[in-house]
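Report on the structure given below.
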Amino acid sequence: LAMEASAALFALLTLAMLVRHAMHGGVLNSDAPTLAEQAIYTLIAIGAGAIFVAIDRRSPSSVLRYGSMAAGVISVAFIIVQHLLVLNPLFTDESTGRIPVFNLLFLGYLLPAVAAGGLAFYARDKRPKWYAAMLALAAALLAFAYATLSVRRLFKGEFIGLWSGLGQLETYTYSALWLVIGVALLTAGVWLKSQVLRIASAALIAVAVLKVFLFDMSELEGVLRALSFIGLGAVLIGIGLFYQRLLTRAAKGT
C-alpha cells in the first residue's frame, strides 16, 4: 500500500513539475502561478480523481479509494481559493486574452467546470454522496463564474478588473444572466435528480432577486429598470408553475 501510494503521489508531482517547467521556461521557483497554470493543476487533480476511481473499480484498493477522494477535495480547494478568489482576473486584472472564446476564462473556468461536473456524475454511485455533491457544487460555481466573467469581458474587453466600473446595460445583463442560469440549474437538478443543483438554483435566484430590488432599483433607469422587474416576475411565475406541475405529478404518483 505504501508503494502504491508513493507511485500515485510521485506520478502527480511529476506532472505538476512538467507543467511548472513548461510555464516558466525551466525555472521551477520563478513567479507565483497564473490562473492558466493553476487551471492545469486543477484539471490534473480532477483527472487523477477520475483515474483512481476507475482503477479502484477494476482492482479495489484503499489507497485508490481514499486517494480519489483526496484528489477531489484538493481540486475543490483549488477552485474555491485560487480560481474564484486569489487568481480571479476580476481582482487581479490579469489579461484574459484577445481571442473571443478560447481565452483564459475558457481554460480557467469552463474546462474545470466540465471536468468537475463529469467527475461528480461519474462518482455518484461509486463514492459517498457528499463527495459527488461537493464536486457538483464546485462545477456550478465555476460555470456561474465563467458566464458572469464572460459578460464582463464582453463589455470591458481584455482586462476586466473590478475597479473599471459598471455600466447600466452591463448591470441589467447580469440580472438576466443569473436568472437564466438559475433556471438552467433547476432544470438540470430535476433531470439529474440532484438536490445540490436545485439548492444552488434556489440560492442563485434568491441572489438575483436581491440584486434587482437592492441594486438595480437604484442603478438602472427607464426601460432597463422596467425590463429588470418584468423579467424577474416572469421567471418567478414560470418557476412557480414548474414546481406546481412537479408537485402534482408527485401527488399522482403516490
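Based on this model, can you work out whether Leu119 counts as in the same structural domain as His83 (by TED's automatic domain parsing) and modelled with pLDDT of 95 or more?
Details: in the same structural domain as His83 (by TED's automatic domain parsing): yes; modelled with pLDDT of 95 or more: yes.
So Leu119 passes the test.
Which members of region 81-90 meet the condition of being exposed (fewer than 14 other Cβ atoms within 10 Å of the Cβ) and more than 14 Å from Ala39 (Cβ to Cβ)? Give the derivation first.
Within region 81-90, the subset exposed (fewer than 14 other Cβ atoms within 10 Å of the Cβ) is 81, 85.
Matches in region 81-90: Leu85 only.
Which of the residues belonging to region 174-194 are over 16 Å from the mean Cα position of the chain (by Cα) and free of Cβ contacts under 8 Å to residues at least 40 places away in the same chain?
Tyr174, Thr187, Trp191, Lys193 - these are the residues of region 174-194 that are over 16 Å from the mean Cα position of the chain (by Cα) and free of Cβ contacts under 8 Å to residues at least 40 places away in the same chain.
Among (1) at pLDDT 90 or above; (2) farther than 21 Å from Val212 by Cβ; (3) of a type outside the set (Asp, Glu), which single condition is Val151 missing?
(2) is the only condition that Val151 fails.
Would you point out which residue out of Ser228, Ser201 is assigned to a helix (DSSP H, G or I) and closer than 18 Å to Glu170 by Cα? Before the answer, list the steps.
Working: Ser201 fails: closer than 18 Å to Glu170 by Cα.
Among Ser228, Ser201, only Ser228 is assigned to a helix (DSSP H, G or I) and closer than 18 Å to Glu170 by Cα.
Out of Ala48, Ala39, which single residue is under 26 Å from the mean Cα position of the chain (by Cα) and more than 16 Å from Ala132 (Cα to Cα)?
Ala39
For region 178-214, how many residues meet the condition of being crowded, with 21+ Cβ neighbours inside 10 Å, among the small types (Gly, Ala, Ser) and modelled with pLDDT of 85 or more?
Residues in region 178-214 being crowded, with 21+ Cβ neighbours inside 10 Å, among the small types (Gly, Ala, Ser) and modelled with pLDDT of 85 or more: 4 in total.
Going by the structure shown, is Tyr109 touching a Gly at 6+ places or on another chain (Cβ under 7 Å), buried (at least 20 other Cβ atoms within 10 Å of the Cβ), in a helix (DSSP H, G or I) and touching a residue at least 24 places away in the same chain (Cβ under 8 Å)?
Considered against the rule, which asks whether it is touching a Gly at 6+ places or on another chain (Cβ under 7 Å), buried (at least 20 other Cβ atoms within 10 Å of the Cβ), in a helix (DSSP H, G or I) and touching a residue at least 24 places away in the same chain (Cβ under 8 Å), Tyr109 comes out as no.
Cβ-Cβ under 6 Å, sequence separation 6+ or interchain: first residue in region 25-44 and farther than 13 Å from Gln82 by Cβ, partner surrounded by fewer than 20 Cβ atoms within 10 Å (Cβ to Cβ) and of a type outside the set (D, E, K, R). Which pairs?
Sorted first by the residue in region 25-44, then by its partner, the pairs are Ser30/His24; Ile44/Leu15.
Just to check your reading of the model, which residue among Ser95, Ser75 is hydroxyl-bearing (Ser, Thr, Tyr) and at pLDDT below 95? It would help to see each step written out before you state the result.
Values: Ser75 fails: at pLDDT below 95.
None of the others qualify; the one that does is Ser95.
Does region 1-49 hold any residues that are of a type in the set (Gly, Ala, Ser), within 21 Å of Ile79 (Cα to Cα) and crowded, with 18+ Cβ neighbours inside 10 Å, and which are they?
So the first thing to find is which residues in region 1-49 are of a type in the set (Gly, Ala, Ser), and the list is 2, 5-8, 11, 16, 22, 25-26, 30, 32, 36, 39, 45, 47-49.
If we keep only those that are within 21 Å of Ile79 (Cα to Cα) too, we end up with 16, 32, 36, 39, 45, 47-49.
Once the filter is applied, which keeps residues that are of a type in the set (Gly, Ala, Ser), within 21 Å of Ile79 (Cα to Cα) and crowded, with 18+ Cβ neighbours inside 10 Å, region 1-49 yields Ala39, Ala45, Ala48, Gly49.
Mind listing just one residue for me: the one in region 124-164 that is outside the structural domain of Val53 (by TED's automatic domain parsing) and part of a loop (DSSP other than H, G, I, E, B) and, of those, farthest from Ser61 (Cα to Cα)?
Across region 124-164, the extreme among qualifying residues is Gly157.
Here is a list: Val86, Val73. Which entry is touching a residue at least 24 places away in the same chain (Cβ under 8 Å) and aliphatic (A, V, I, L, M)?
Numbers: Val86 fails: touching a residue at least 24 places away in the same chain (Cβ under 8 Å).
Step by step, each of Val86, Val73 is checked, and only Val73 is touching a residue at least 24 places away in the same chain (Cβ under 8 Å) and aliphatic (A, V, I, L, M).
With Arg98, Arg65 as the choices, which residue is in a helix (DSSP H, G or I) and of a type in the set (Lys, Arg)? Spell out the reasoning first.
On the way: Arg98 fails: in a helix (DSSP H, G or I).
Going through Arg98, Arg65 in turn, the sole match is Arg65.
Say we look at region 195-230 and pick out the residues that are touching a Phe, Trp or Tyr at 6+ places or on another chain (Cβ under 8 Å) and of a type outside the set (A, V, I, L, M); which of these is nearest to Gly165 (Cα to Cα)? Before the answer, list the steps.
Pass one, region 195-230, residues touching a Phe, Trp or Tyr at 6+ places or on another chain (Cβ under 8 Å): 204-205, 207-208, 211-212, 216, 220, 224, 227-228.
Subset that is of a type outside the set (A, V, I, L, M): 211, 216, 228.
Details: Lys211: 16, Asp216: 15, Ser228: 20 Å.
The qualifying residue nearest to Gly165 (Cα to Cα) is Asp216.
The values are calculated or read from the model by the stated rules, or taken from the named source; none is laboratory data. Keep in mind it's a predicted model, so treat the numbers as computed, not measured. Ideal geometry is used to build each Cβ from the backbone, glycine not excepted, and the neighbour counts take in all protein chains shown.
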